[in-house]
Amino acid sequence: MTTPAQSHRGVIHDIGYRPYTGPRLGRRYATRSLYVQGLRAAFGLGRSGKSKVLPFLLFGGLVLPTMAIIAIVAFAGLKQMPMDYTEYLSYFGVLAQIFLAAQAPVLMSRDLRHHVVPLYFSRPASRGDYVAAKFASMFSALMILLTLPLLVLFLGAMLNSFPFGENLAHLCYGLVAAVLYALLYSALGLAIAAATPRRGFGVAAIMGGLMITSGLAQIVRGLTGGFSSVPSESSHWAELISPTRTIEGLVNKVFGTGGDNFDKMLAPGTTGVLVYAAVIVLLTAGSYALTLRRYRNV
Amino acid sequence: MNTTVARLTARGLFGRRRILILLAVPVMLLVIAVIARNSAIDKLELAHSILGSLALGTLVPITGLITGTGVIATEIEDGSIVYLLSKPLPRWKIVTTKLAVAVGASWLLAALPTYLAGLILYGTADGIAAGYALGTLVAGTAYSALFLLLGVVTRHAVIAGLAYALIWESLIGNYVEGARTLSVQQWGLSLTKAIAADGAVTAPVGLTTAVWLLIVAAVGATALASVKLSGLTLNGEE
């Protein structure tokens, strides 16, 4: 008969456990996996049918109007595109904002809520890699969303045999604008989404932030005389309140796009261009740094 | 009403410094009103763009969205609603209590600041401030009830609410006349028109229609939310 003292002697038995001895794929592979998984998650791929509905609805909402525009141009026999590439982005950009608001929390908040972030960080991928991978996923997803309609528009212009050189130049302006939007939106969206494990709160905060700053910028611009009969140039500085309008103003000034409307966004002068560019860079870098900081302690 | 549920709901909505983020919105409205007060532009036009477009058109839907879905959708999403549902409380009581908190929050965060902003900007003249305050009050109530229903019905409540507020009310409502009849924002505006002096505010929807639609929307949404909560099935994360 065994006494309790004998049975608790603390012997470790060799039960034939074998550690993994195969090749280890390492940090870079882990980061790439995170990126691919994030990009797929942004479109709901590999998830239930329900979570695919919204991303693809927004995707369709961004691409379908281009088809309509091309059809109108072809049937009405217009001599040029009714909408410039950069204009298209500012008209339908709100759909990309909704996409960001809906999907940034999918990338960030869910990992926080289920406490899996420490599990990621226990692998070779570091906190910098994690944030970089998520940022790259969101950026790529937004780029897909924003550039595809531009390419369709370009294709339509070519089919209607509009001048190639001019269209190519304007397509490039549109692509630059798309890159700026995607960079700034991803940085802002992920920073906000990473701050809260509650998906709903993240969605409302991102969308509310973008919408309210945009409305605020218009009102401040109106207050400073931007919409009077002789618009004051200094009122354009109000655009800096809103990230979206800042990009629009910068692009319109640098490339001379945006039509001849008196109420279009426009960076005031060379100083304006420099300040607007600096604000965009600072906002993007600042939000990215904030996201990075948030993961210092999980 | 159940005070314990109300207290817990309010803590979920405002707790952990969330109140500070929520308060940023009304504070901003007041700051804008103070700046606009010293502007040389026509005050009535300013009042319409600040109280009408910014407050009633943007802040109220966003606040209603956050409070309406915040009181119930977050709990459903993280599954903690089961602890509440397993208590011997009628489901309609849970819905009305949570709705009361949401409505109170939207009044505090949207209607009261709108009234103050109106007073700062325009004073009591023409009943503009009071009119917009009433408009945001009722619109906030209706938005809270509708968005609470959305929170019970769908997991994508915030997105669905945003789609309604942005795409239906702003985008389609701007171009299609008929869409305005089915817009909470326009119903609120009708009440604003009823309070304000003649000719100061224009509203596309008649007062009687607006009042009836408001009542139907708010009561109907609350009733439907109660029914839906009675048969709620909890889904896992998608």
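The values are calculated or read from the model by the stated rules, or taken from the named source; none is laboratory data. Small disclaimer: the values here were computed from a predicted structure and weren't measured. Heads up, the Cβs are rebuilt from the backbone with ideal geometry, glycines too, and the neighbour counts pull from every protein chain shown.
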Problem set entry | Condition met for residue B:12 (touching a residue at least 40 places away in the same chain (Cβ under 8 Å), in a helix (DSSP H, G or I), more than 15 Å from residue A:218 (Cβ to Cβ) and within 12 Å of chain A (Cβ to nearest Cβ)) | yes
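Here's the yes/no breakdown for (1) modelled with pLDDT under 80; (2) within 30 Å of residue B:156 (Cα to Cα); (3) not in a helix (DSSP H, G or I):
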{"position": "A:197", "(1), (2), (3)": "yes, yes, yes"}
{"position": "A:213", "(1), (2), (3)": "no, yes, no"}
{"position": "A:225", "(1), (2), (3)": "yes, no, yes"}
{"position": "A:240", "(1), (2), (3)": "no, no, no"}
{"position": "A:263", "(1), (2), (3)": "yes, no, yes"}
{"position": "A:271", "(1), (2), (3)": "no, no, no"}
For this session: Kindly check whether there is at least one residue in the range A:55-73 that is more than 30 Å from residue A:260 (Cα to Cα), within 13 Å of chain B (Cβ to nearest Cβ) and buried (at least 18 other Cβ atoms within 10 Å of the Cβ).
Result: yes
For this session: Scan the range B:12-26 and give yes if some residue there is more than 17 Å from the chain's Cα centre (by Cα) and within 15 Å of residue B:104 (Cβ to Cβ), otherwise no.
Result: yes
Seminar exercise, completed: Of those in the range B:138-161 that are touching a Gly at 6+ places or on another chain (Cβ under 6 Å) and among the β-branched types (Val, Ile, Thr), the residue surrounded by the most Cβ atoms within 10 Å (Cβ to Cβ) is B:158
Seminar exercise, completed: Of the listed residues (A:32, A:40, A:47, A:9), the one being modelled with pLDDT under 85, of a type outside the set (Ser, Thr, Tyr) and within 22 Å of the chain's Cα centre (by Cα) is A:47
Seminar exercise, completed: Only unsatisfied item for residue A:297, checking (1) over 30 Å from residue B:37 (Cβ atoms); (2) among the polar types (S, T, N, Q); (3) part of a helix (DSSP H, G or I), is (3)
Exercise. Quick one: is residue B:51 in a helix (DSSP H, G or I), facing chain A (nearest Cβ under 10 Å), surrounded by 15 or more Cβ atoms within 10 Å (Cβ to Cβ) and touching a helix residue (DSSP H, G or I) at 6+ places or on another chain (Cβ under 7 Å)?
Worked result: no
Exercise. Among the residues of the range B:82-95, is there at least one that is of a type in the set (Val, Ile, Thr), surrounded by fewer than 21 Cβ atoms within 10 Å (Cβ to Cβ), at pLDDT 80 or above and closer than 16 Å to residue B:9 by Cβ?
Worked result: yes
Exercise. If you scan the range B:181-198, which residues turn out to be farther than 11 Å from residue B:128 by Cα and either in contact with a strand residue (DSSP E or B) (Cβ under 8 Å, 6 or more places away or on another chain) or surrounded by fewer than 19 Cβ atoms within 10 Å (Cβ to Cβ) (or both)?
Worked result: B:181, B:182
For this session: Tell me which of these residue A:126 doesn't satisfy, since it passes every other one: (1) more than 29 Å from residue A:247 (Cα to Cα); (2) without any contact (Cβ under 8 Å) to a residue 24 or more places away in the chain.
Result: (2)
Exercise. Which is part of a helix (DSSP H, G or I) and more than 14 Å from chain B (Cβ to nearest Cβ), of A:217, A:141?
Worked result: A:141
Exercise. Restricting attention to the range B:25-71, which residues are charged (D, E, K, R) and without any contact (Cβ under 8 Å) to a residue 40 or more places away in the chain?
Worked result: B:42, B:45
Problem set entry | Enumeration of residues in the range A:106-122 that are within 9 Å of chain B (Cβ to nearest Cβ) and in contact with a helix residue (DSSP H, G or I) (Cβ under 9 Å, 6 or more places away or on another chain) | A:110, A:113
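Residues are listed down the side, and each one gets a yes or a no for (1) modelled with pLDDT under 85; (2) within 11 Å of chain B (Cβ to nearest Cβ); (3) under 18 Å from residue A:89 (Cβ atoms); (4) in a loop (DSSP other than H, G, I, E, B):
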| position | (1), (2), (3), (4) |
| --- | --- |
| A:200 | yes, yes, no, no |
| A:244 | no, no, yes, no |
| A:247 | no, no, yes, no |
| A:266 | yes, no, yes, yes |
| A:279 | no, no, no, no |
| A:289 | no, no, no, no |
| A:292 | no, no, no, no |
Problem set entry | Residue within the range B:178-187 that is of a type in the set (Phe, Trp, Tyr), away from chain A (no Cβ under 14 Å) and part of a helix (DSSP H, G or I) present | yes
Exercise. Here are B:160, B:225: which of them is under 26 Å from residue B:99 (Cα atoms), among the small types (Gly, Ala, Ser), within 14 Å of chain A (Cβ to nearest Cβ) and assigned to a helix (DSSP H, G or I)?
Worked result: B:160
Exercise. Looking at this structure, is residue B:46 buried (at least 19 other Cβ atoms within 10 Å of the Cβ), part of a helix (DSSP H, G or I), touching a helix residue (DSSP H, G or I) at 6+ places or on another chain (Cβ under 8 Å) and more than 10 Å from every other protein chain (Cβ to nearest Cβ)?
Worked result: no
Exercise. When the residues of the range B:1-29 are filtered to those that are farther than 26 Å from residue B:115 by Cα and out of contact with any Lys or Arg (no Cβ under 8 Å at 6 or more places or on another chain), which remaining residue is modelled with the lowest pLDDT?
Worked result: B:16
For this session: Could you figure out which of (1) in a helix (DSSP H, G or I); (2) within 12 Å of chain A (Cβ to nearest Cβ); (3) free of Cβ contacts under 8 Å to residues at least 60 places away in the same chain isn't true of residue B:108?
Result: (2)
